[in-house]
Structure formats: structure tokens, C-alpha cells
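> Supplied in C-alpha cells, the structure appears directly below.
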Amino acid sequence: MSKICKALLLSLFFYSVAVAELTMDGYLIRSNYILTMAKGSAEPLDGYIQFSKEGLIIDIVEGEPSETLGGTIIDARGKIILPGFVSGHNHLWQSAFRGLASDQELYGWLNSLHWTFGDFFQDGDMYNFTLYGALDQLANGITTTLNHSQNVAPTYDQYIEQFEAEMAAGQHFIFSYVLDENEPSPAIRKSKLLYLIDDTSRRPGPHACLGFGLHGTGIYRDMDFHREEVNLAKELDLDMQMHYLEEKAESLRNGQKKFESMAEKGGLWDGLVYADFIHATDEILETSAKAGVKMIWNPLSNGRLASGLADIPRYLSAGLEIGMGVDGSASGDVCDPFQNMRMGMYALRMKDSNAAVMSSIDILRMHTLKTAQVLEVDDRVGSLESGKFADFLIIQPGSPVFDPYSTVVLATSANDIESVWVRGRKMVENGEYSNHDMVAIKREVARRVARIVSDQAGND
């Protein structure tokens, strides 16, 4: 996140906290299953959450609320309250192309989507596809996302469309920007990013954007361009996220060989985040962990594309900090964190024939607080704690609750989500959106996809 943007957003955030202290008549939500996911918490809380009209958590307290507290009381006893999921790696626009190339691995899939339809996108396509993807994530309980804004035919306008769609959706997001590949001047490439950051800083009041990052592409194109990305990220204090060691053949042929050069030229630092990172040698893993590099694990898309299974226990033992992402909704096909957790957990258990390889609470924390930590936004989201945004889910269990963590991870689907809240506002209730007509949005997305497919077919 840029120093300029982070300073502004934090000032707005702490101003809101100060306001919250003066408006104690906000909301109280009572439940006997509050899963805060805060660091060190292991037991569900039987108590209540108090949050302000401004959407910040004032307090989380065990027991019954005092009648003197005031505010609107939400009775959720018997229901599970947990922080909204954080997805650390996503391509939101891809939501419009689910089910495509179902029997293809990574590069065959890329050819079927990016390199087949990319030249036929028109104005407004990226906006509508991204809006659909963000809203669909909300309905599935993802309240914070990082949009890795990789385009099919990159233009600056397409990046702006994605950004504006995310602002309109109301989901908290981090925008991972790709330097404009069509612009030959490094100075102008930088200025376009700075313009977007500055434009955001001028918007009034707190908003959905939590910050910015860079989507690194240079390692697979040109090492000089990669150095430009790294230097710019460090200069502006931006995290940089890049796909690395995802596909097996490419990893062995090219990716692993570039690691030494990447390390020697300053490409490893604590602001770098690998997306996927499956085929790591011991040397790459240990060197990356020592440098403070982090990782986002995407089990759904890794399984769908037959990319392989990251050895998460080994990575954790090496000291790598790991979060989770649902990836693009055309490579994972569903943006469902419940399926994502189960896919990853079950695959690891099958690999090791060990049902204790990862616990329910561990993987749930990985898809909430740990991901927020990887993205460096855990001061605002990822857990239910005083001073953070009131981003949470109310879940109606579909069966008796023996262990609420296991119920969420093993026995819950998006259909069990009663409501989704972002910054203290109810965004989705029983699948219905508060501020958007999803039927109309789906209709518009279908119309635009049909036009793209038709235009591509007519060009053959």
C-alpha cells in the first residue's frame, strides 16, 4: 500500500474510531457462538458485539449486555458469528466465464479465455464483470478481497473500470495494479498508478478501498521490467503479488531457474507475496521465508487446473506466512471460501493419510486473520476486535453444533449464511442484496459475454 494512501486511509479510520466512542447507541449483536478469530483466541465467546453507527467495533464482551448500553439489539443466539472471509488473490472479472475449458490445465485454460476473447472486450465489460464478481463474493461471505487486476487485453481504462466496479460493490478491497504494458515510458507507467492512488485519496470520507499493490508480471516477460516493478513497489511502499511456481512444467523449465537472478537483484523482500507457489524447492522455500516473502494459497483453482498441491505443513514449518484466496471465478469456478477450505484441508489429509494435518480453527484463521496479515490490513479486518471494521457473517447452522469451528469449516455452505455485514451495514440477507439488483446485473453480464463470443466467432 502506498505511504500516501495508507496515511490518508488510516487517518480516516482513526477519525471514525473517535466518532464511534461518542456514538455508543449503535448496534448490539448477541450470540453464544462468537468466533472472533483474534490471535490467541481458541474458545467461542458467549456474549455480544457492540458496534457503532459508523461501522466500527466498540467492544466484544462475554455475558449479557447491560440495559443501559442502548442501541439496536440483534438476537443471534444459536447462530454463529464470525469475521467476514478475506480472499488474498482474485481476478474478479473472470466471474463471467465460469466452466470454460473444464479439461484444460493452466496454459490451455489461459488460451481458451485470455488469448481467445481478450481482443473483443469493449467499454463497460470489465466494469460489469468485476461488479458481478465482487457481489458474488459478498454473498459467499467474502468481505475483503485483493483484486489481482490482470486483464485479457490490458488498457488503462480497463483497470479504471475494475476499480470503479469494486468501489460500487461495497466490498472492502485492495487493488493490485498492473503497470500499463502498452505504455513504453516508465515515467508515464508510474504516473498512471500515482494518478489512481491520488484520485482515491481525494474521495470524501472512508470508502471501500483499503489500499493498493502491484501485480508483478515481469519475471515471465523481461527481467528489466521486473526490476522496474520491484523498484517502484519499494519506492512507494507497495506490496507486490505475482504468480510464481504455479504450473509444474513451467516451474521446472523456467520459474525455478529465474529465482537466483530474482534474489540477486533485490526481488525478495517482505513486501513480496507469491500467488500459488506450488513447486518450490527447499532452497527457494527457505530463502523466500527468510526474506519475509509471503504466500496466498488457492486450493480450488490449483485443483481445477491440476496445478498441484502446495505442501502447506512444510511451508509453515519453514516460517512462511500463508493466507488463502479463491482465485479467479473462471479457474476455481466458485468463489466459495467454505469449499476452498475443505478442498485444501482434504487434499492435505489425503496426501499424508493424516486427519490431524490441519485443524478446523487453523484453516478458518488462515482464511480470515492470517490472510489479512499477509495483505497488511489486519489492523482493520480479518478478526472481530475493538477498533476494527464491523465486517462479519451471521450463520444459521444446518445441524446441531458440537464444535462451532468444525461446523463452519466442515458442515457449512454459503446457503447457511443468513446475512453479510460490511462496516456495520447489512449488505446481503438470505441471498438478497441491499443495494444492487443482482438479477439485472447477471442479465447484463450474459448479454456482454454473448456479444464477445459472437464477435470472436465471426473473426475466425
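The values are calculated or read from the model by the stated rules, or taken from the named source; none is laboratory data. As the structure is a prediction and not an experimental result, all values here were calculated from the model. Cβ sites come from the backbone with ideal geometry, for glycine too, and all protein chains shown count toward neighbours.
Listed here are the residues, each with its yes/no results for (1) in a loop (DSSP other than H, G, I, E, B); (2) more than 25 Å from Trp109 (Cβ to Cβ); (3) not aliphatic (A, V, I, L, M).
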| residue | (1), (2), (3) |
| --- | --- |
| Ser251 | no, no, yes |
| Lys257 | yes, no, yes |
| Ser261 | no, yes, yes |
| Ala280 | yes, no, no |
| Glu283 | no, yes, yes |
| Ser288 | no, yes, yes |
| Gly292 | yes, yes, yes |
| Ile296 | no, no, no |
| Leu300 | no, no, no |
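> Another question, if that's okay. Filter region 65-76 for residues that are touching a residue at least 24 places away in the same chain (Cβ under 8 Å) and over 27 Å from Asp136 (Cα atoms); which is surrounded by the fewest Cβ atoms within 10 Å (Cβ to Cβ)?
Only one residue fits best here, namely Thr72.
> Oh, and also: So Gly133 ticks every box in (1) modelled with pLDDT of 90 or more; (2) not in a helix (DSSP H, G or I) but one. Which box is left unticked?
Failing condition for Gly133: (2).
> For region 28-52, which positions are crowded, with 16+ Cβ neighbours inside 10 Å and out of contact with any strand residue (DSSP E or B) (no Cβ under 6 Å at 6 or more places or on another chain)?
Matches in region 28-52: Thr36, Ala38, Ser41.
> I'd like the residue in region 64-86 that is at pLDDT below 95 and among the small types (Gly, Ala, Ser) and, out of all such residues, is farthest from Leu135 (Cα to Cα).
Applying the filter and picking the extreme gives Ser66.
> Can you tell me which residue among Asn340, Asn298 is crowded, with 24+ Cβ neighbours inside 10 Å and touching a Pro at 6+ places or on another chain (Cβ under 6 Å)?
Asn340
> Grab the helices (runs of 4 or more DSSP H) fully contained in region 325-392, keeping just those with 3 or more residues being free of Cβ contacts under 8 Å to residues at least 60 places away in the same chain.
Ranges flagged: 337-352, 360-365.
> Do we find that Ile174 is of a type in the set (Val, Ile, Thr) and part of a helix (DSSP H, G or I) in this structure?
no
> Cβ-Cβ distance below 7 Å, separation of 6 or more or different chains: which pairs start in region 295-317 with a residue that is on the phi < 0 side of the Ramachandran plot and end on one that is modelled with pLDDT of 95 or more and among the polar types (S, T, N, Q)?
These pairs meet every condition: Pro299/Asn340; Leu300/Gln339; Leu300/Asn340; Leu309/Asn302.
> Kindly indicate the residue of region 212-230 that is out of contact with any Phe, Trp or Tyr (no Cβ under 8 Å at 6 or more places or on another chain) and part of a loop (DSSP other than H, G, I, E, B) and also surrounded by the most Cβ atoms within 10 Å (Cβ to Cβ) among those meeting that condition.
Step by step, filter region 212-230, then rank; the result is Gly216.
> I need the full set of residues from region 197-233 which are within 20 Å of the chain's Cα centre (by Cα) and hydrophobic (A, V, I, L, M, F, W, C), in order please.
Answer for region 197-233, where residues must be within 20 Å of the chain's Cα centre (by Cα) and hydrophobic (A, V, I, L, M, F, W, C): Ile197, Ala208, Cys209, Leu210, Phe212, Leu214, Ala233.
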